[in-house]
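What follows is a short report on a single structure.
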Amino acid sequence: MLDESDTEVPLVGGTANRGRVVRVADTVRRPLRPASPATHALLRHLADAGFAGAPRFLGVDDQDREVLSFVPGTAITPPYPPWALTDEALDSLAVLLRDYHRAVRTFDPAPYTWSASPPAPFAGELVSHNDVNLDNVVFRDGRAVALIDFDLAAPGSGVWDVACAVRLWAPLRPDRYVDDHRRGRGLFRLRRFVDAYGLPDADRTRLVTAVRHNHEWCYDIVGTAAANGHAGFSEYLSGGALQRAERTRQWYDEQADRLQAVLL
């Protein structure tokens, strides 16, 4: 099924597995993790459910790497192409995320050991992706068609994934940290995303809180990995990320009422 003699091509993007993810023909090889059996069960479920927006799990190779199907298209890495930051691209991501949540609702996570789950108010509804970063979404013809890198997937909720997505894609941060044409449009794009997703009213009332928790949760993961010697995350934090994170926390507090008002 798999030709081990094919050339390995490093795949660019991401920090956690930087330099350790390769393409071999029409497959992707990635390091195994303690939660890999859970992720593999999730990907099998998505395939059985007919959800086309995720890689297929194909097995484990002779180097103890998981083998996934290669999803053709473009994952967004810096410098971000303008077409990936359009409102239409944002809409397509919202629809993709909604369709993922619909497909995963029938999956039972109980038999498996997962990565760290989101905090209790935002966990237990479904297995959320938990890392809807720009480089974890594959586009074709300007439209989001697949989610990749399910390493952080764990029992969470739909609103948690929406919080992660709008935080990074709107984006929700001080304008000083937005150096593309999204600057000044974060609140507009926040509302546009939740409308395209069809977020229920009950979740809109807790989305702003979820965004703040998601910001903290993600930086806790990065900080813990850096403290444990992860070179990529250590480099990221040393480049001013902690200062940006703190100023963004302050911005969430200052803008909480405006963020909530735009969702009503």
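A few notes on this one:
- Condition met for GLU246 (among the acidic types (Asp, Glu), within 19 Å of the chain's Cα centre (by Cα) and either part of a helix (DSSP H, G or I) or surrounded by 14 or more Cβ atoms within 10 Å (Cβ to Cβ) (or both)): no
- Condition check for ALA170: surrounded by fewer than 24 Cβ atoms within 10 Å (Cβ to Cβ), of a type in the set (A, V, I, L, M) and within 17 Å of GLN260 (Cβ to Cβ): yes
- Flag for LEU207 being at pLDDT 95 or above, under 19 Å from the mean Cα position of the chain (by Cα) and not in a helix (DSSP H, G or I): no
- For the residues ALA202, ALA120, the requirement of being at pLDDT below 95, more than 12 Å from the chain's Cα centre (by Cα), among the small types (Gly, Ala, Ser) and in the same structural domain as ARG249 (by TED's automatic domain parsing) singles out ALA120.
- Residue that is surrounded by the fewest Cβ atoms within 10 Å (Cβ to Cβ), among those in region 138-159 that are touching a helix residue (DSSP H, G or I) at 6+ places or on another chain (Cβ under 8 Å) and of a type in the set (Val, Ile, Thr): VAL145
- Number of the condition not met by TYR80 [criteria: (1) touching a residue at least 12 places away in the same chain (Cβ under 8 Å); (2) of a type outside the set (Asp, Glu); (3) not assigned by TED's automatic domain parsing to the domain that holds TRP169]: (3)
- Here ASP91 clears all of (1) in contact with a helix residue (DSSP H, G or I) (Cβ under 9 Å, 6 or more places away or on another chain); (2) over 16 Å from ASN136 (Cβ atoms); (3) assigned to a strand (DSSP E or B) except the condition numbered (3).
- Any chance VAL24 is surrounded by 15 or more Cβ atoms within 10 Å (Cβ to Cβ) and modelled with pLDDT of 95 or more: yes
- When residues of region 115-137 are limited to those that are of a type in the set (Ser, Thr, Tyr) and in contact with a helix residue (DSSP H, G or I) (Cβ under 9 Å, 6 or more places away or on another chain), the one nearest to LEU43 (Cα to Cα): SER128
- Residue match in region 176-186 (condition: at positive phi and either touching a Leu at 6+ places or on another chain (Cβ under 8 Å) or at pLDDT 95 or above (or both)): yes
- Taken over region 34-77, the residue count meeting the criterion of being more than 22 Å from ASP6 (Cα to Cα) and at pLDDT 95 or above is 21.
The values are calculated or read from the model by the stated rules, or taken from the named source; none is laboratory data. Quantities reported herein were computed from a predicted structural model and do not represent experimental measurements. Note that we place each Cβ from the backbone using ideal geometry, even for glycine, and neighbour counts take in every protein chain shown.
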